[in-house]
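Worksheet: one structure, shown below.
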Amino acid sequence: ELPGFYYDPEKNRYFRLLPGHNNYNPLTKESIQYKAMECKRLKLLEEEEKQMKKTTRAGLNSSVLLQKRQLGLLSSRSYCRLVHELKVNCMQRRKIEIHSPDSSVAGTNNFKIIVADVACERIFTVNDVEHGGCKYGIINLSGLGKESLTVEMYDNLYFTNRKVNSVCWASLTHPDSHLCLMGIAETPGCASLLPASLFSSANPGDRPGILCSFKISTAWSCAWCLNPQADNCFSTGLTRRVLVTNAVTRHRQTFTTSSDVLAQQFARQTPVLYNGCRSGEIFSIDVRQHNQKGQSWKAIRLFHDSAVTSIRLLEAEHYLMAADMAGKIKLWDLRTVKCVKQYEGHHNEYAVLPLHINEEEGLLTAVGQDCYTRIWSLQDAHLLRTIPSPHPSSKDAIPSVVFSSRLGGSRGVPGLLMAVKQDLYHFSYN
């Protein structure tokens, strides 16, 4: 890099950055980088449309896999894992048509967050609205199995608009019956527990009210506990503290921390809450114990070099996956308290971006701040596919994704759902 010059790779020479009129210079380092990124994205999109997909492992194709399996050179587990890799590379993008009882709901606001329930029958959506705040809705995925590739969206029009930082499904009266919303109302922030039946096509007069809502300092994260020893409890990650609330009794426990809590997840086998902080620390709390002075209530402690933006426990709960604002994704062994794998290629500088783990398929999915969706092999951290966004990269166009082998329920269609701007896309996985 030469001060006052920029390099044009097409013309293979340097050009002087000249100051424009009124101190306006159309050529900046950021605009040149954006132009290069946009050229790369369009090229990748063109390759995808021409179906020029190549497997990332040399010599990997369906006929070779089947032959090795028949000769006994591959175990059933390895064969299934490699078949999933082939499926990932063959996924094709199709746009989904969103139907709604209210014509003003679909296709008018940008998707910010989509979160699927456990059965992947519904996704809760948070959409940014033009005048500020957010609009909430639930999309029913049962229509994905049809040839027309359509879904139905129900929107709660009478609920107040709030900026939402974090969402999770809650199982209070039955599995995924409610939703925890954390965000900023004005000042201070607000935590709400809403019945999912608020978002339905039923008569508005029959809808239940908000179960739990209280004002807090700015909330960054939330998690619902499914362990019976901490029944009906949800946590809220706040500025320098963790709040654990019982949704029925309204009893609260406060744990003071030294940093903002940006990511949370409860273990299922024990009532233990894992927290990822802005300082880079990850620690666990057993919610059965009362908060004591000092930091003695912290159990497992791990450390990243940058702010932790997402944490995910693997099914056996011996391993924890964590991503940070330096773009690092690490797999930690909680028994030895050591990092055992790193997943390279993720891009992040300051955004709170989630991780998605599908152990059954052996896949890890994450969307970077550069708006690329990347899929890795869980077993050996190999980058399997990089999917460009259908829209130009920008801060307000980072895709939100859901991946499942049963979108729409047990008889649903497998694939990747991608919400970006006002559009919803399906990448078929079969």
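So which residues in the range 386-402 are under 18 Å from Ile375 (Cβ atoms) and crowded, with 17+ Cβ neighbours inside 10 Å, if there are any at all?
Filtering the range 386-402 down to residues under 18 Å from Ile375 (Cβ atoms) leaves 386-390, 398-402.
Within the range 386-402, Ile387, Pro388, Ser389, Pro390, Ile398, Pro399, Ser400, Val401, Val402 qualify.
Take the residues of the range 407-419 that are touching a helix residue (DSSP H, G or I) at 6+ places or on another chain (Cβ under 6 Å) and crowded, with 22+ Cβ neighbours inside 10 Å: which is modelled with the lowest pLDDT?
Checked the range 407-419; the qualifying residue modelled with the lowest pLDDT is Gly408.
Suppose we keep only residues that are open to solvent by 20 Å² or more (accessible area, probe 1.4 Å) and aliphatic (A, V, I, L, M) within the range 229-286. Which one would you say is farthest from Ala323 (Cα to Cα)?
The residue in question is Val248.
Each row is one residue, and each column tells you yes or no for (1) in the same structural domain as Gln92 (by the TED database); (2) closer than 21 Å to Lys87 by Cβ; (3) touching a Gly at 6+ places or on another chain (Cβ under 9 Å).
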| position | (1), (2), (3) |
| --- | --- |
| Lys341 | yes, no, no |
| His347 | yes, no, yes |
| Val352 | yes, no, no |
| Glu360 | yes, yes, no |
| Leu364 | yes, yes, no |
| Cys371 | yes, no, no |
| Ala381 | yes, yes, no |
| Pro392 | yes, no, no |
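Matching residues to (1) part of a strand (DSSP E or B); (2) farther than 25 Å from Phe427 by Cβ; (3) at pLDDT 85 or above; (4) of a type in the set (D, E, K, R):
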{"residue": "Gly132", "(1), (2), (3), (4)": "no, yes, no, no"}
{"residue": "Ile139", "(1), (2), (3), (4)": "yes, no, yes, no"}
{"residue": "Ser148", "(1), (2), (3), (4)": "no, no, no, no"}
{"residue": "Val167", "(1), (2), (3), (4)": "yes, no, yes, no"}
{"residue": "Ser200", "(1), (2), (3), (4)": "no, yes, no, no"}
{"residue": "Gly205", "(1), (2), (3), (4)": "no, yes, no, no"}
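How many residues does the range 207-228 hold that are modelled with pLDDT of 90 or more and either surrounded by 13 or more Cβ atoms within 10 Å (Cβ to Cβ) or farther than 21 Å from Ser177 by Cβ (or both)?
8
For the range 116-130, name all the residues that are part of a strand (DSSP E or B), open to solvent by 20 Å² or more (accessible area, probe 1.4 Å) and either within 19 Å of Arg162 (Cα to Cα) or free of Cβ contacts under 8 Å to residues at least 60 places away in the same chain (or both).
Within the range 116-130, Asp128 is the sole residue that qualifies.
Would you please list the contacts, defined by Cβ atoms under 8 Å and residues six or more apart or on different chains, that run from a residue in the range 329-346 that is more than 13 Å from Gln379 (Cα to Cα) and surrounded by 14 or more Cβ atoms within 10 Å (Cβ to Cβ) to a residue that is at pLDDT below 95 and of a type in the set (S, T, N, Q)?
Gly345/Thr386
Looking at this structure, is Asn275 in contact with a Gly (Cβ under 6 Å, 6 or more places away or on another chain) and in the same structural domain as Asn227 (by the TED database)?
No; evaluated as a whole, the condition is false for this residue.
Go through the range 310-326 and give me each residue that's open to solvent by 10 Å² or more (accessible area, probe 1.4 Å) and either at positive phi or of a type outside the set (D, E, K, R) (or both).
Within the range 310-326, Leu313, Leu314, Ala316, Glu317, His318, Tyr319, Met325, Ala326 qualify.
Among the residues of the range 357-367, write down those that are in contact with a Leu (Cβ under 7 Å, 6 or more places away or on another chain) and open to solvent by less than 60 Å² (accessible area, probe 1.4 Å). Talk me through it step by step, then tell me what you get.
Step one: filter the range 357-367 for residues in contact with a Leu (Cβ under 7 Å, 6 or more places away or on another chain), giving 357, 359, 362-364, 366-367.
Ile357, Gly362, Leu363, Leu364, Ala366, Val367, listed by residue number.
For the range 252-271, how many residues meet the condition of being of a type outside the set (Lys, Arg) and in contact (Cβ under 8 Å) with a residue 40 or more places away in the chain? It would help to see each step written out before you state the result.
Applying the first criterion (of a type outside the set (Lys, Arg)) to the range 252-271 yields 253-267, 269-271.
Pick out the ones that are also in contact (Cβ under 8 Å) with a residue 40 or more places away in the chain and you get 255, 260-267, 269-271.
Summing the residues that are of a type outside the set (Lys, Arg) and in contact (Cβ under 8 Å) with a residue 40 or more places away in the chain in the range 252-271 gives 12.
The values are calculated or read from the model by the stated rules, or taken from the named source; none is laboratory data. Not measured: the values here are computed from a predicted model. When we count neighbours, we look across all protein chains shown, and the Cβ atoms used for this are built from the backbone with ideal geometry, even at glycine. Remember, those area values only see protein heavy atoms, side chains included, never the ligands or the DNA or RNA. Shrake-Rupley method; radii C 1.70, N 1.55, O 1.52, S 1.80 Å.
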